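I have placed the structure first, in the form of structure tokens, so that the comments after it can refer back to it.
None of the figures in this text is laboratory data; all of them are computed from the coordinates on show. Quick caveat, the model's predicted, so the values are computed rather than measured. In this analysis, Cβ positions are derived from the backbone assuming ideal geometry, glycine residues included, and neighbour counts consider all displayed protein chains.
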Amino acid sequence: MPFMIGFAENRRNILQAELTRFLDELPPLGVHQIFVIGDFVSSRVGIETALELLIIQETNEPFHRRSDFFVDHLRPRVDTRFYVYTPDEFDRLKDVDHFLAKHINQSEAVYAIQ
């Protein structure tokens, strides 16, 4: 199997460009805060690395449908996973929910409304 030199750096650049594009389009979408989580933020970028975003947004949608909003509005060009919590859910669960606690400690906040 041939080894591609610089592939990880290329993938990192692609993911960063997509994140930058998303951040430019966020203000009208009602997002309170965004954290980058997963392998991209922890520098473990490989061929299958997705852009994973933990999003805090006021919504009445059921949890399993919330990511659809961002897929429809942002039209991701790379594998992207959106995990969307309301501000109340985030405040109540960030210290007790294993998924949130783990990822908040290993995340990078990239957007917050002032």
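With the cut-off at under 19 Å, measuring from each backbone N in segment 47-85 to a point 7 Å along the Cα-to-Cβ line of Gln106 picks out 47-55, 80-84.
By the count of other C-beta atoms within 10 Å, a proxy for reagent exposure, Thr20, Thr49 are ordered fewest to most as Thr20, Thr49.
The GluC sites (Glu not before Pro) of segment 7-114 that meet both conditions, a loop assignment by DSSP and at most 14 other Cβ atoms within 10 Å of the site Cβ, are Glu48, Glu58. What number, rounded to the nearest 500 deg cm²/dmol, is the helix-based mean residue ellipticity at 222 nm of the chain, given -39500 (n - 2.57) per DSSP H run of at least four residues and division by all its residues? Rounded to the nearest 500, the figure is -11500 deg cm²/dmol.
Short-range pairs are left out: with C-alpha atoms under 8 Å and at least six residues apart, the relative contact order of segment 21-82 is 36 percent.
Full extension of the chain segment joining His32 with Asp97 gains 21.4 nm, where the gain is 0.36 nm per residue of separation less the Cα-Cα distance. Sites listed here are trypsin sites (Lys or Arg not before Pro) in segment 15-114 whose DSSP assignment is loop and whose Cβ has at most 10 other Cβ atoms within 10 Å: Arg44.
List the relative contact order of the chain as a percent without decimals, with contacts defined as Cα pairs under 8 Å and 6+ residues apart. Walk me through the numbers on the way to the answer.
Working: 151 pairs, mean separation 37.9, N = 114.
That works out to 33 percent.
Counting DSSP beta bridges with both partners in the chain, what percentage is antiparallel, nearest 5? Write out the running numbers ahead of the final one.
Working: 10 of 16 bridges.
Approximately 60 percent, going by the DSSP bridge assignments.
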